[in-house]
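Read the structure below first, then the notes.
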Amino acid sequence: MNKRFAHISRWWRRALGSEGHERHTVLLISKSTLAATLAWVISHHLLHAQSPAFAPFSAVLIMQVTVYQSLLQSTRYVAAVTAGVAVQAALGFLIGPELLTFALMALIALTIGRWPALGSQGSQVATAAFFAFSTYISAATNHDKVTQLGQIILLVLIGCGVGVLVNITVVPPLRYRGAEHGIHALAHALCDLVSDMHPALRRHDLDDERTAHWRARAGQTEGLITQARTGLRTAQESLHYNPRRFFRRHRRSTGFEGYGAVLEALERTMHQVASLVRALDRWSRDEDHHRDGPFLECYADFLECLSGLTEVFTELDEDRLDAQAPRLCRLADEAQGCRRRVAEQAMADRLPLADPARPYGVLVIEATRLMEEFQYTCDVLQHHVGRPGD
């Protein structure tokens, strides 16, 4: 019990102390509660609707992670409900409250629900049609039937309107930090991998088990890449129709071009590191490596510089870009010097760079490609530092 209480206390401290998943959860629950309550007051206490639950249900359903999604999903939801009610009304008044009517209604509603334009709200066509059928057969007169069916659409409109209004006016979600979090996770994985590699290269310790482990780690980053893309997409989407983007504090959070370039570069870098690791993993173990020592040590210096660069990416912060971007550029210049020494050492040792069976050429090429990506990313961030929001 004490452990559970301690866990709950830590959760609430995180929610109250800093922006993150916990705080977003509390805000979403609070805003959904407010929207549902307002929708219930309007539908039950003001309109005296016979099925007032449609309004709060709709308000909670479209309380999405971004204002844009709330608007998009509410439009689709209203269209889906309207289509379902319309199908029931047409068949009900043409055929009557028969079993055949329900079967035809279900067939047509489920077919309409497959329309791609309705997206995830497609299933609501059939749901609305079923509720409309229940309402239709319980009404005594045709006037009551028309009134009740129209009221379903009205309640959905009220619920969606209240939900969107609350989402826009009460701390509208602005997920610009989501772009940073995804980059941080991917950069951490890259930094950890490179940081493990350069000491081993410096010690000339490249056994099969070690390189196979590196290769496995490099291949396990697809999930992180997907999460980072999702975080960036959500951050960009959260700006649409969001009044907070015009507040002074958030004026710079209006493009994400720099973060997009960082993410693309990190993704390509991860693939190139994976290629580098594959080259090391295929290294022949039965040859004499004594003359590879200086080359491996130069390469270790290069990877150590890259680990310093990726460490900065793990701490990328929009509020500190003014200081971080120049630091990245200085580190990139140092890494560029190490990269040149790698090529010079390979030439001085007369290593067989053109031999496809040996890793030297691949290592030199990947060093050049890695450096190009990091240099490009640093230039992009430097370009966007201090730019005003669009």
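The values are calculated or read from the model by the stated rules, or taken from the named source; none is laboratory data. Keep in mind it's a predicted model, so treat the numbers as computed, not measured. Neighbour counts are summed over all protein chains in view; Cβ atoms, including those assigned to glycine, are modelled from backbone coordinates with ideal geometry. Just so you know, the surface numbers come from the protein's heavy atoms only, side chains and all, with ligands and any DNA or RNA stripped out. Shrake-Rupley method; radii C 1.70, N 1.55, O 1.52, S 1.80 Å.
Annotations for the structure displayed:
- Whole-number D in µm²/s for the stretch 115-154 (Stokes-Einstein; Kirkwood sum over Cα pairs; 20 °C, 1.002 mPa s): 195 µm²/s
- Note that the stretch 45-56 has calculated 3J(HN,Hα) couplings of 7, 9, 8, 6, 5, 6, 10, x, 5, 4, 5, x Hz, one per residue in order, obtained from phi through the Karplus relation 6.51 cos²θ - 1.76 cosθ + 1.60 (θ = phi - 60°); glycine and proline are x.
- Applying 0.36 nm per residue to the separation of residue 120 and residue 369 and subtracting their alpha-carbon distance, the gain on full extension is 85.5 nm.
- Convex hull volume of the Cα atoms of the stretch 313-374, normalised per residue: 81 Å³.
- Spacing of the two label points (7 Å from each Cα toward its C-beta) at residue 146 and residue 171, in nm: 4.7 nm
- Inter-site label distance for residue 196 and residue 268 at 7 Å from Cα along Cβ, in nm: 2.6 nm
- Couplings 3J(HN,Hα) for the stretch 266-276, derived from phi with the Karplus relation 6.51 cos²θ - 1.76 cosθ + 1.60 (θ = phi - 60°), are 5, 5, 5, 4, 4, 5, 6, 5, 4, 5, 4 Hz, where x marks Gly and Pro.
- Protection proxy ranking for 358-370, 24-36, 296-308, using the average of other Cβ atoms within 10 Å per residue and placing the highest first: 296-308, 358-370, 24-36.
- Quotient of Cα Rg and 2.2 N^0.38 Å for the stretch 82-140, N being how many residues it contains: 1.06
- Cα lying deepest toward the dipole's positive end in the stretch 298-346, options 326, 316, 303, charges on Cβ: 303
- Taking all protein chains as they are arranged and a probe of 1.4 Å, the heavy atoms of residue 8 leave approximately 80 Å² accessible to solvent.
- Unit Cα scatterers, Debye sum, the stretch 104-210: log10 I(q)/I(0) for q = 0.09, 0.12, 0.19 Å⁻¹: -0.56, -0.70, -1.07
- Extension gain, residue 98 to residue 130: 0.36 nm times the residue separation minus the Cα-Cα distance gives 10.2 nm.
- Computed over the alpha-carbon atoms, the stretch 49-180 gives an Rg to Rh ratio of 1.06, Rh here being the Kirkwood radius from the mean inverse distance.
- Geometric descriptor of the stretch 25-105, per residue, is 111 Å³ (volume of the convex hull of the Cα atoms).
- Projected label distance in nm at residue 226 and residue 330, using a 7 Å step from Cα toward the beta-carbon: 4.0 nm
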